[in-house]
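No value in this document is a laboratory result; all are computed from the given coordinates. What you are looking at is a predicted structure, and each value in this text was computed from that prediction instead of being measured. Cβ sites come from the backbone with ideal geometry, for glycine too, and all protein chains shown count toward neighbours.
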Amino acid sequence: MSPPILPPSTIGILGSGQLGRMIAIAARRMGYRIHTLAPDTDSPTSHVADLEYSAAYDDIDTVKRFADGVDVITLEFENVLTETVDAATTYAPVRPVGHVLYTAQNRLREKTWLHGHDFPVAPFRHITSIEELRSGVENLGTPAILKTAGFGYDGKGQVRIDTPDAVDDAYHELSGQEAVLETFIDFNREVSVVAARGLDGGFAHYGVVDNTHRNHILDVTISPADVSPTVYQEAIKITRGVLESLDVVGVMCVEFFLTRDDTLLINEIAPRVHNSGHFTIDACITSQFEQQVRAVCGLPLGSTAQPQPAAMANLLGDLWQNGEPNWPAMLAHTDVKLHLYGKKDARPARKMGHLTAMGDTSQAAAEKVMAARNALIMPTR
């Protein structure tokens, strides 16, 4: 095993959004330096980085200069070009490695890999033509979900097919792109497990959390989820199996559908820190962001102990539709933590920040965080 990368070494982050920002904050607190590379300037990560490279991910010359100036590289999102990762790897280790990203950045490759390794997923079909879609709908039945094979998140690139008559419209709505057709799962709830695997194979997890989505975007996370011991143990077992089978180094989230008969099906995997793990900053001994730093630097994984139940609520740009939110009213909730990401432009559905609260029970924490978020809403002028 490689020797640990210790402070004050330099960590490179590909991507410069809020996830990179929170990794950088955790790393700087531990004494590391941070370099970031992304096409944007004045980005959330750049505000807390030592050096910002503003370049496209296919600008290989700049990628090489960036990689040559750091000791290890990690990523805040999985949709980075393979050529970028390959170029960077010649100068510094990239964690997680390229094959992990290659698998997770394409829904078809991801589903095929999971199915091939006997992990539970909904029945699916590979779609490359309207004829294959018609055949797939005939075989899987309706309702079904058609998703683009590549580069989809937060509900983007997917359409529901409720009847066979809707096949043609669905195909054209996705512009005939390569796609995955999945059986619609009438799930009871959505849960996830954020976990980490170290360079030495060590494993740590943050338990099973309950996620509520609004318009396909995560709205509220509650930890711990109210699930049976059997479901809890099975979710952790599956998650560990995914990380070990993929040989992940770093944090990964496995998102599940929990069906009405308590069956777990993997919806998707994300080989990075995750929105449903934001509560760990305030609620756990070691946040998912510090854990990412520890994992990619070859340090022992930190304790994931959570002294109290917690809840996290996202703050979307919609809250700014009537001007600046009511910060004084929200900040009067003195037991709720505010995290803003430093984004200049508030747009509908854009993640601008989040709130976290702890409580004696998960429900109490959720009530606190929702009350604080509701206090932000300004009346219509």
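Within the chain, what percent of beta bridges assigned by DSSP are antiparallel, to the nearest 5? Don't skip to the end; give the middle numbers.
Details: 58 of 72 bridges.
Here the antiparallel bridges make up roughly 80 percent for the chain.
In a reduced charge model with +1 at each Lys and Arg Cβ and -1 at each Asp and Glu Cβ, the stretch 287-381 shows a dipole moment near 360 debye about its Cα centre. Only DSSP H runs of four or more residues enter the estimate; each adds -39500 (n - 2.57), and after division by the residues of the chain the mean residue ellipticity at 222 nm equals -8500 deg cm²/dmol. Remark: spin-label model distance ALA364-THR90 equals 5.8 nm, labels positioned 7 Å along the Cα→Cβ axis. Rounded to the nearest 20, the size of the Cβ-charge dipole of the chain about its Cα centre is 1040 debye, with Lys and Arg at +1 and Asp and Glu at -1. Since only GLN308, PRO120, ALA170 are under comparison, the one whose Cα sits farthest along the positive direction of the charge dipole of the chain, derived from C-beta charges on Lys, Arg, Asp and Glu, is GLN308.
Kirkwood analysis of the stretch 123-183, using all unique Cα-Cα pairs, places the hydrodynamic radius at 11.0 Å. The SER2 and GLN308 beta-carbon pair, evaluated with R₀ = 30 Å, returns a calculated FRET efficiency of approximately 0.25.
Note on THR128 and LEU51: the model spin-label points, each 7 Å out from Cα along the C-beta direction, lie 4.4 nm apart. Here the stretch 136-187 and the stretch 334-381 have alpha carbon centers that stand 33 Å from each other.
Each residue, ASN139 and HIS216, gets one label point 7 Å from its Cα in the Cβ direction; the gap between the two is 2.4 nm.
At q = 0.13 Å⁻¹ the log10 of I(q)/I(0) for the chain amounts to -1.14, computed by Debye summation with a single uniform scatterer per C-alpha, solvent ignored.
Hey, can you list the DSSP H helices of the chain whose Cα span along the axis is 18 Å or longer and whose average Kyte-Doolittle score is at least 0.0? Working shown, then result.
Working: long enough: 229-246 (26 Å, 0.13); 362-375 (20 Å, -0.20).
Answer set is 229-246.
Judged by the mean number of other Cβ atoms found within 10 Å, the most tightly packed of the peptides 87-98, 256-267, 277-288 leads the ranking 277-288, 87-98, 256-267. When only the Cβ of Lys, Arg, Asp and Glu is charged (+1, +1, -1, -1), the dipole of the stretch 10-94 relative to its Cα centre reaches about 460 debye.
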